[in-house]
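Below: one structure, written as structure tokens.
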Amino acid sequence: MKNKQDKTSLEEKYYIASQWQLMWRKFKKHKLAIFGGTILSIFYFITIFCGFFSTQDIYKRHTQYIYAPPQRIHFFDEKGFHLRPFVYGLKRKIDPVTFRRTYTEDRTKKYPIYFFTHGDKYRLWNLFPTDIHLFGVKSGGTIFIFGTDKLGRDLFSRNLHAARISLSIGLVGVFLSFILGCILGGISGYFGGTVDMVIQRVIEFLISIPTIPLWMCLAAALPPHWSPIKVYFGITIILSIVGWCGLARVVRGKLLELREEDFVMAAKIAGATDYRIITRHLLPSFLSYLIVNITLAIPSMILGETSLSFLGLGLQPPVVSWGVLLQDAQNVRSVALHPWLLIPGLFVIITVLAFNFMGDGLRDAADPYK
Amino acid sequence: MSEDNIKALLEIKNLKKYFYIEKGFWKKIVGYIKAVDGINLYVSKGETLGLVGESGCGKTTLGRCILRAIEPTGGEVLFRTEEGITVDITQLDKEDLRLIRKDMQMIFQDPYSSLDPRMTVFDIIGEPIVINKIAEGKELKDRVKDLVKVVGLNVKHLKRYPHAFSGGQRQRIGIARALAVNPKFIVADEPVSALDVSVQAQILNLMQDLQKEFNLTYLFISHDLSVIEHISDRVAVMYVGKVVELADTEELFFRPKHPYTEALLSAVPKLDPRLRMERIILLGEVANPANPPPGCYFHPRCNYAKAICKNVEPEWQKVGPDHWATCHRAGELNLRGVT
């Protein structure tokens, strides 16, 4: 009897489930999308607190440790297992002929890792001065989880800070394309006729331009004396100039499709104003599609920024983004000798894949009524 | 506002709706599709006028033009309001049209696309009430509950979304919404053709009950003659954008005056095999509304066509008491109806 009641209440829950609840039900079934979403949440969470999660100041140079390889975190030493992880010190050797630096673990020096330690000073969100880091070693020791670059700066901290730019540029860029796409696509779809034709031809023209040369031209046009913040927004605008086209088409297509739906006509016959029809019926109907498209558009933004910065046309040092970090990995020598310089590329791949997985799941869930 | 007062609740005079055929980059107009081509009809208060015809003959377009859900190209739609004033719907501005729509509503063919899937049943039925500021708050709730009861749904289900309901139940929701503003006149655009036969009967009976209860007037569009026969007081037969015959249901079914009506009637299935009449198979295709034949549109398929039918377009003429037809030979032919 109780079982039967449970079943009916479960059914009733389904019957009174709104669009978003139904979408969430469907999305949850997409394991890969949940996985992607989790990874992204972790990434963004770490990015927000990147000062806390990084081990040191990103501009601090350790001149004794240039191109140091990643230090391994150990739990075992000659005495056996330790609950507190530690790293060994690094011993540098310079080849007298080639001047090549090689590092070996110095087993005599042991630096235990402490959590919530005091380290380099930083300002959380540029507001609160603090020096607490999630983990680190006592002063005198070094911890380079991802190694160091050619100036001896810690790459782990730099990667975390780079994520701040690389991950946010996708969101900001997409936000701009979202506004452009909604307005222009909305005009195109709602009014139709000549306006529609002009906008569609402009979109076709923009899409037909090869993106990399276009970005390069526009990026070259950014004044060199601009501050990094201005360049950052300049780059997002450049990226969204092409990005809005796809979105505008989705908005237009959906509007054209929905305008013919009977429920829109029913609302019209009931006496609804255009404003009410747009906000109450049309917008909720294609909002889910917009979200899907935005999710799938973010990776291309991130990739765009990375490629531009990699080519030296986007953001410039001292600003760090994954693309800027990858500039150091441009030649074969550094890739062969210092493969840890490619780690930012790995992050780009993971992020883009995660976004695509999540977008895939969202697309499947976008229309729960079909 | 029109000068001439009408006796009927609704009178349609020479109503036209042409769709333009555009071609090429500059969208040059290369022709018209005459979906509704000069239709004259009237609907009296409290009656049901059935509108029957093949798919694509312009039934739905006519229904939508009357409510101005789409803009008619020409003609008049005269509507007599509660106060006895005659209004030409086609001439109203946006604001007046909104007011008059309280009196005229529509029931849609497809119960799946006519309900916004993102709104609860309460919001769907309540929307017209809210828009027209008829009631709010508790009053609104009570009104929606009443409507739901009237159409035979469970009041407990108001919080549900349309995906929880079957086609027949959805159609009931659609009917409740149409009734929400207390209309006098309802265009029912094939309200049962998307439903199972068993459910069809329920919905038809419901509509008849509601008609008695609220003194409603229906324009009932259908392609199904048996449904039309069941529900209509009078029937109009449409062929390629024109009404070819109009008469009382009985008169039309037993004494058709237009050869097209005769052919349609011969296709109605009958239970008793001895009563089955020889089916008249129409040859050829339905006339193309973008390029109709000269003379009578029906003449290429008509078994009784004469020379005059090929050249002269027939007039809308009275062929009996309350019986009109557009056929040159309406007076002389002795056509078979339902036996």
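Test of understanding: ordering B:VAL155, A:VAL97, B:VAL192, B:VAL268 by Cβ neighbours within 10 Å, fewest first, what list do you get?
By the 10 Å Cβ count, ascending, the order reads A:VAL97, B:VAL155, B:VAL268, B:VAL192.
Please list, by residue number, every one of the trypsin sites (Lys or Arg not before Pro) in region B:19-128 that is coil in DSSP and has at most 14 other beta-carbon atoms within 10 Å.
In loop regions of region B:19-128 (DSSP not H, G, I, E or B), the sparsely surrounded trypsin sites (Lys or Arg not before Pro) are B:LYS27, B:LYS45.
Could you tell me the calculated FRET efficiency between A:GLN330 and B:VAL30, based on Cβ-Cβ distance and R0 = 60 angstrom, to the nearest 0.05?
0.50
Quick one: helix A:193-208 against the long Cα principal axis of chain A, what's the angle to the nearest 10°, folded into 0 to 90?
Approximately 20 degrees, to the nearest ten.
Give the separation of the Cα centroids, region B:75-91 to region B:174-241, in Å.
Rounded to whole Å, the Cα centres lie 22 Å apart.
Need the list of lysines near B:LYS270 for cross-linking: C-alpha distance under 22 angstrom, and skip anything on the same chain fewer than eight residues off.
The qualifying lysines are B:LYS257.
Given +1 on the Cβ of Lys and Arg, -1 on the Cβ of Asp and Glu, and no further charges, what dipole in debye does region A:71-143 carry about its Cα centre, rounded to the nearest 20?
The calculated dipole for region A:71-143 is roughly 180 debye.
Which value in Å does the Kirkwood hydrodynamic radius of region A:159-366 take, with 1/r averaged over all unlike C-alpha pairs and then inverted?
The Cα-based Kirkwood calculation yields 18.7 Å.
Could you list the residues of region A:70-91 with an amide nitrogen less than 15 Å from a label point located 7 Å from the Cα of A:LYS109 in the Cα-to-C-beta direction?
Under cut-off, by backbone N: A:70-72, A:87-91.
Let me test this: with uniform point scatterers at the alpha carbons of the protein assembly as shown, what is the Debye-based log₁₀ I(q)/I(0) at q = 0.07 1/Å?
Taken in order of the listed q values, log10 I(q)/I(0) reads -0.69.
7 Å from Cα along Cα→Cβ at both A:THR117 and B:ASN334: what's the point-to-point distance in nm?
Placing both labels 7 Å along Cα→Cβ, they lie 11.4 nm apart.
Rounded to the nearest angstrom and ordered from largest down, what semi-axes does the equivalent ellipsoid of region B:52-137 get from its C-alpha gyration tensor (root of 5λ)?
24, 21, 10
Using a Gaussian network model of chain A with C-alpha springs under 10 Å, which one of A:THR98, A:THR211, A:THR194 is most mobile by mean-square fluctuation?
A:THR98
Restricting to bridges with both residues inside chain B, how much of the DSSP beta-bridge set is antiparallel, in percent to the nearest 5?
Of all bridge pairs located within chain B, approximately 60 percent are antiparallel.
Kindly state, to the nearest 0.05, the FRET efficiency for A:ILE209 paired with A:LYS13, given R0 = 41 Å and r defined as their beta-carbon distance.
Once rounded, the FRET efficiency stands at 0.25.
Cross-link partners among lysines for A:LYS91, C-alpha distance below 28 Å, same-chain residues fewer than 8 apart left out?
Within the straight-line cut-off, A:LYS91 pairs with A:LYS60, A:LYS79, A:LYS109, A:LYS110, A:LYS121, A:LYS138, A:LYS150.
Taking the convex hull of the alpha carbon atoms in region A:71-143, what volume per residue do you get, in Å³?
119
State which stretch of chain B is the longest one without any exposed chymotrypsin sites (Phe, Trp or Tyr not before Pro), exposure meaning a DSSP loop state and at most 11 other Cβ atoms within 10 Å.
By the stated rule (loop sites, at most 11 other Cβ atoms within 10 Å), B:27-339.
Rounded to the nearest 500, what is chain A's calculated 222 nm mean residue ellipticity when only DSSP H runs of at least 4 contribute -39500 (n - 2.57) each, over all residues?
-19000 deg cm²/dmol
Is the shape of region A:158-209 best called rounded, prolate or oblate, per the rule: a/c under 1.5 gives rounded, else a/b larger than b/c gives prolate, else oblate, with a ≥ b ≥ c the square roots of the Cα gyration tensor eigenvalues?
Oblate shape, in that a/c is at least 1.5 and b/c is the bigger or equal ratio.
Starting from the eigenvalues of the Cα gyration tensor, five times each then square-rooted, give me the equivalent ellipsoid semi-axes of region B:185-339, largest first, whole Å.
29, 18, 16
From the phi of every residue in region A:237-248, what ³J(HN,Hα) in whole Hz does the Karplus formula 6.51 cos²θ - 1.76 cosθ + 1.60 yield, where θ is phi - 60° and glycine or proline is x?
Result, ordered by residue: 5, 4, 5, 7, 4, 8, x, 6, 4, x, 5, 4 Hz.
Kyte-Doolittle mean at least -0.5 and Cα extent at least 27 Å along the axis: which DSSP H helices of chain B qualify?
Long hydrophobic helices here: none detected.
So what's the gap between the Cα centers of region A:263-291 and region A:1-79, to the nearest angstrom?
35
Kindly express, to the nearest 10 degrees and within the range 0 to 90, the angle between helix A:31-48's C-alpha long axis and the longest C-alpha principal axis of chain A.
60
Give the span of chain A's Cα atoms along each principal axis, as three whole-Å numbers ordered largest to smallest.
85, 69, 38 Å, listed from the longest principal axis down.
To one decimal place, what orientation-averaged projected area in nm² is obtained for the convex hull of the Cα set of chain B?
19.8
So if we plug the beta-carbon distance of B:ASP123 and A:LEU287 into 1/(1 + (r/R0)^6) with R0 = 30 Å, what FRET efficiency do we get, rounded to 0.05?
0.95
For region A:122-165, what relative contact order do you get, as a whole percent, if you take Cα pairs closer than 8 Å and at least 6 residues apart?
19
Taking Cα atoms, how many degrees apart are the long axis of helix A:211-220 and the longest axis of chain A, rounded to 10 and kept between 0 and 90?
70
On a C-alpha basis, how far is the centre of region A:126-175 from the centre of region A:302-324 in Å? Whole number, if you could?
16
Using every alpha carbon pair in region A:11-137, what percent of pairs falls into each 5 Å bin from 0 up to the bin containing the largest distance?
Spelled out bin by bin, region A:11-137 gives 2, 8, 11, 13, 12, 12, 10, 9, 7, 5, 4, 3, 2, 1, 0, 0 percent.
Given the pairs B:LYS7/B:LYS133; B:LYS94/B:LYS133; B:LYS102/B:LYS149; A:LYS28/A:LYS254; B:LYS59/B:LYS306, which span a C-alpha to C-alpha distance of over 23 angstrom in this model?
Check vs 23 Å cut-off fails for B:LYS7/B:LYS133; A:LYS28/A:LYS254; B:LYS59/B:LYS306.
Just flag the chymotrypsin sites (Phe, Trp or Tyr not before Pro) in region A:14-52 sitting in loop per DSSP whose Cβ has no more than 15 other Cβ atoms within 10 Å.
Answer by residue number: A:PHE49.
Just the number, please: Stokes-Einstein D of region A:257-370 in µm²/s, Kirkwood Rh from C-alpha pairs, 10 °C, 1.306 mPa s.
91
Test of understanding: in a Gaussian network model of chain A with alpha carbons linked when under 10 Å, which of A:TRP340, A:TRP244, A:TRP226 would top the mean-square fluctuation ranking?
So, out of A:TRP340, A:TRP244, A:TRP226, the one fluctuating most is A:TRP226.
Where does chain B land at 222 nm, in deg cm²/dmol rounded to the nearest 500, when only DSSP H runs of n ≥ 4 count, each adding -39500 (n - 2.57), divided by all residues?
The helix-only estimate for chain B comes to -8000 deg cm²/dmol at 222 nm.
Starting from the 7 Å offset along Cα-to-Cβ, what nm value, one decimal, do you get for the label separation of B:GLN317 and A:LEU171?
7.9
FYI, it's all coordinate maths here, none of it is from the lab. Source: prediction; values computed, not measured. Quick reminder, even Gly has a Cβ in these numbers, built from the backbone with ideal geometry, and neighbours come from all protein chains shown.
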